[in-house]
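The values are calculated or read from the model by the stated rules, or taken from the named source; none is laboratory data. This is a predicted model, so every value here is computed, not measured. Reconstructed Cβ throughout: ideal geometry from the backbone, glycine too, with neighbour counts over all protein chains shown. Surface areas here come from the heavy atoms of the whole protein model, side chains and all, with no ligands, DNA or RNA. Shrake-Rupley method; radii C 1.70, N 1.55, O 1.52, S 1.80 Å.
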Amino acid sequence: MESATVRVELVEWGQGEAAIRLIRETVFVREQGVPLELEWDGLDQTCWHVLAWNDHGKPIGTGRLHQEGKQARLGRMAVLTEHRKQGVGQALLRALLGLAQTRGMTVAYLAAQVPAIGFYEQQGFQVTGEMFDDAGIPHRAMTLVLPPAPGERR
């Protein structure tokens, strides 16, 4: 899973925890003011995680997938400021959606921060709910019906 100078890998929580914590605490806690206790919700050990690395081997972005039956709940998508608008978020999202598809999930959903709605719409997601507050940040629910994995029948 690669993009120009970005490498995205599926990582185990134990393997990627330090890098994931650094990125999420930088973006969500320090930048956006999300309380630390809300950021660490206790779900990470049961989620699939992806990490993006730049060409110098520095972790620059992350996201997670929580499998709920045939549904993929995506979240905690974060890219360090200096690496935004360079395709990192798209590479992370593609990796998570590909994982969901290969694991037989049929729908992906997420809670998008309002300024990120356009990004997710460009990837095929549709707004499905009213605006709501999460940690003091306005969000909207969004969903995407996933196509079957190659060779899969539904």
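Where a ≥ b ≥ c are the square roots of the eigenvalues of the C-alpha gyration tensor, would you call the stretch 1-85 rounded, which needs a/c under 1.5, or, failing that, prolate if a/b is larger than b/c, or oblate?
In terms of gyration-tensor shape, oblate.
Just the number, please: carbon plus sulfur as a percent of the accessible area of the stretch 1-125, 1.4 Å probe, no ligands or DNA/RNA counted.
Ligands and nucleic acids excluded, carbon and sulfur reach 51 percent.
Determine ³J(HN,Hα), in whole Hz, for all residues of the stretch 14-28 in sequence, where each value follows from phi through the Karplus function 6.51 cos²θ - 1.76 cosθ + 1.60 and θ = phi - 60°; x replaces Gly and Pro.
x, 6, x, 3, 4, 5, 4, 4, 4, 5, 5, 5, 5, 6, 7
Sort LYS85, LYS58, LYS70 by heavy-atom solvent-accessible area, probe 1.4 angstrom, most to least.
From most accessible down to least: LYS85, LYS70, LYS58.
Apply the Karplus curve 6.51 cos²θ - 1.76 cosθ + 1.60, θ = phi - 60°, to the phi angles in the stretch 69-84 and return the couplings in whole Hz, x for Gly and Pro.
Working through the residues one at a time gives x, 8, 10, 10, 9, 8, x, 6, 6, 8, 10, 4, 3, 5, 10, 6 Hz.
What ³J(HN,Hα) values, in whole Hz, does the Karplus curve 6.51 cos²θ - 1.76 cosθ + 1.60 give for the stretch 38-51 when θ = phi - 60°, with x put for Gly and Pro?
7, 5, 9, 8, x, 8, 4, 5, 9, 9, 8, 10, 10, 10
Using 7 Å Cα-to-Cβ label points, what is the THR46/ASP134 separation (nm, one decimal)?
The modelled label-to-label distance comes out at 1.7 nm.
Quick one: compute the contact order of the chain, relative version, from alpha carbon pairs under 8 angstrom and 6+ residues apart, as a percent.
Answer for the chain is 20 percent.
Among (1) 0.96; (2) 1.15; (3) 0.94, find the value of Rg/Rh (Cα atoms, Kirkwood Rh) that was calculated from the structure presented, and write down its label.
Identified label for the calculated read-out: (3).
Could you provide, to the nearest whole Å², the per residue accessible area of the stretch 59-134 with probe 1.4 Å?
Ligands and nucleic acids excluded, the figure is 48 Å² per residue.
Find out how many positive minus negative residues lie around GLN67, taking Lys and Arg as positive, Asp and Glu as negative, among other residues whose Cβ is under 14 Å from that of GLN67.
Local net charge: +2.
Need the C-alpha centroid separation for the stretch 98-125 versus the stretch 43-63, integer Å.
So the two Cα centres are separated by 17 Å.
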